[in-house]
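Let me begin by presenting the structure, written as structure tokens, before commenting on it.
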Amino acid sequence: MPERYGNIVGWGKYVPEKIITNADLEKILDTTDEWIFSRTGIRQRHVISEGESNSGMAVAAAREALEMADVRARDLGLIIVATSSPDYLTPPISSQVQHALGAKDVGAFTLVAGCPGFVYGLATAHQFIAAGACDNVLVVGSEVVSRFINKQDRSTAILFGDGAGAVVLQVTSEPCGVLSFVLGSDGAGAQDLILPGGGSAAPASHEMVDEGLQYLRMNGRQVFRFASRVLGRALKQAIQKANLTTDDIDLFIPHQANARIIASAARYVKLPEDKVFVNIADYGNTSAASIPIALCEAFEQGRAKIGDTLAFVAFGAGLTWASAIVKLGEKTAPLPVEKSRISLFELLPFGGISSSIGSDLKRNLAQFFSPLSTFAQKLFSRSRG
Ligand SMILES: CC(C)(COP(=O)(O)OP(=O)(O)OC[C@H]1O[C@@H](n2cnc3c(N)ncnc32)[C@H](O)[C@@H]1OP(=O)(O)O)[C@@H](O)C(=O)NCCC(=O)NCCS
């Protein structure tokens, strides 16, 4: 059986049209463009308007990625939506996205891991593909942090923006995709970045709103210290786990939270400035969407290309962190054992027992039945029109 890798074969992004510049913030907050830019690297951020939503942005980014990948939504094996700012606490935003995409009956879940959520999602998608459970996985990072910001709080109102990015990972036998990853969490820092109200600990009430618990609270200095400590280290660990050195990294695409934090992580692993992708000036911190948006821009600008080895690293609420080394491979023909063949096997009269048999046996049986399944598949696709 060939090795299975999850190659990134499609990518897309969506950012709302409305822009809030530092000059706009100067008018409503005790702050200056000079202060914001020198401390964070941010010049402006995009925010959603009335009528826009997190799920709407996620779907727009996902459609672009699917189109580029040339994968139909209904042929996805799994949808992962990383976000901390869903439309609703329940139902999960992942099901809204699945439905809007027309990905009929495709499994979908929401991944909440703070700003590193997209990198957690990549690592998860990679595992599903490597294990043979899925051939195509959609990973979306989408956020509307602006809806949870107190516009009078200058410590958070200057930082965050809205947006979405998505990628499609597809199975290939060529060694590429996620080469290594590191995931970390330290709940001891929970209070340093927290949205205290609206969850089950403090459900919506007049008192909760009077206390302003519906807004994101941040201990900026603590988060800065934490990020400076973990980011470079996580990046170095992922490079070592992939059996690579810093010289092998073509482009470093970090979570866009603060230009100074990014620079310190790059210095830690001795990455030169020209190998670091920074677009924080235009978008601010878009949380779990920041890396996929930056990835799309890196492609658009020709800074990322097929054959490159990329390094992703992020930190955020939890506190959490994650890094991954990703090789961009050529799109290849599908592997010989196709998902559709196994699906057909599950439709056979004894398919009901299939969940209790080993996956190797299941694969062998699936291959045994494959001529029949290919024939039936053709019939199905004809009847679907
Ligand atoms: C928030 C952050 C930019 C603040 O920068 P900083 O250099 O740490 O600034 P400090 O919080 O120490 O504040 C320095 C001074 O600026 C003031 N200040 C804070 N926000 C300000 C603003 N928007 N405009 C002007 N002054 C501001 C503070 O009140 C403080 O004044 P003081 O010295 O009189 O007490 C920085 O800590 C940061 O980026 N932290 C990480 C946050 C992050 O990434 N969060 C998301 C994680 S996913």
Checklist entry - What's the number of the condition residue 42 fails, among (1) more than 16 Å from the ligand (Cβ to nearest atom); (2) farther than 30 Å from residue 174 by Cβ? => result (1)
Checklist entry - Given segment 88-185, what strands (runs of 3 or more DSSP E) lie entirely inside it while holding 2 or more residues that are among the hydroxyl-bearing types (Ser, Thr, Tyr) and either in the same structural domain as residue 40 (by TED's automatic domain parsing) or away from the ligand (no atom under 16 Å from the Cβ) (or both)? => result 177-185
Next on the checklist: If a residue must be in contact (Cβ under 8 Å) with a residue 60 or more places away in the chain, part of a strand (DSSP E or B) and more than 16 Å from the ligand (Cβ to nearest atom), how many such residues does segment 274-330 contain?
Outcome noted: 7
Next on the checklist: Name the residue that is surrounded by the most Cβ atoms within 10 Å (Cβ to Cβ), counting only residues in segment 237-262 that are in contact with a helix residue (DSSP H, G or I) (Cβ under 6 Å, 6 or more places away or on another chain), in contact (Cβ under 8 Å) with a residue 40 or more places away in the chain and part of a loop (DSSP other than H, G, I, E, B).
Outcome noted: 255
Checklist entry - When you look at residue 56, is it closer than 30 Å to residue 171 by Cα and touching a helix residue (DSSP H, G or I) at 6+ places or on another chain (Cβ under 9 Å), yes or no? => result yes
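Table: residues versus (1) without any contact (Cβ under 8 Å) to a residue 40 or more places away in the chain; (2) closer than 28 Å to residue 17 by Cα; (3) among the charged types (D, E, K, R).
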site: 87; (1), (2), (3): yes, yes, yes
site: 92; (1), (2), (3): yes, yes, no
site: 95; (1), (2), (3): yes, yes, no
site: 110; (1), (2), (3): yes, yes, no
site: 119; (1), (2), (3): no, yes, no
site: 129; (1), (2), (3): no, no, no
site: 166; (1), (2), (3): no, yes, no
Next on the checklist: Considering only residues that are out of contact with any Asp or Glu (no Cβ under 6 Å at 6 or more places or on another chain), closer than 13 Å to residue 162 by Cα and buried (at least 21 other Cβ atoms within 10 Å of the Cβ), which ones fall in segment 47-73?
Outcome noted: 57, 58, 61
Checklist outcome for this item: Within segment 14-48, residues being assigned to a strand (DSSP E or B) and of a type in the set (A, V, I, L, M) number 2
Checklist outcome for this item: Exactly one of 234, 188 is outside any loop (DSSP other than H, G, I, E, B), of a type outside the set (D, E, K, R) and in contact with a Phe, Trp or Tyr (Cβ under 8 Å, 6 or more places away or on another chain), and that one is 234
Checklist entry - With respect to residue 50, is the statement that it is more than 14 Å from the chain's Cα centre (by Cα), in the same structural domain as residue 278 (by TED's automatic domain parsing) and within 16 Å of the ligand (Cβ to nearest atom) true? => result no
Checklist entry - Within segment 236-266, which residues are within 16 Å of the ligand (Cβ to nearest atom) and not small (Gly, Ala, Ser)? => result 253, 254, 255, 256, 258, 260, 261, 262
Checklist entry - Hey, among 177, 102, which residue is on the phi > 0 side of the Ramachandran plot and touching a strand residue (DSSP E or B) at 6+ places or on another chain (Cβ under 6 Å)? => result 177
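The values are calculated or read from the model by the stated rules, or taken from the named source; none is laboratory data. Note that this is a predicted model, so its numbers are computed, not measured. Note that each Cβ is placed from the backbone with ideal geometry, even for glycine, and that neighbours are counted across all protein chains shown.
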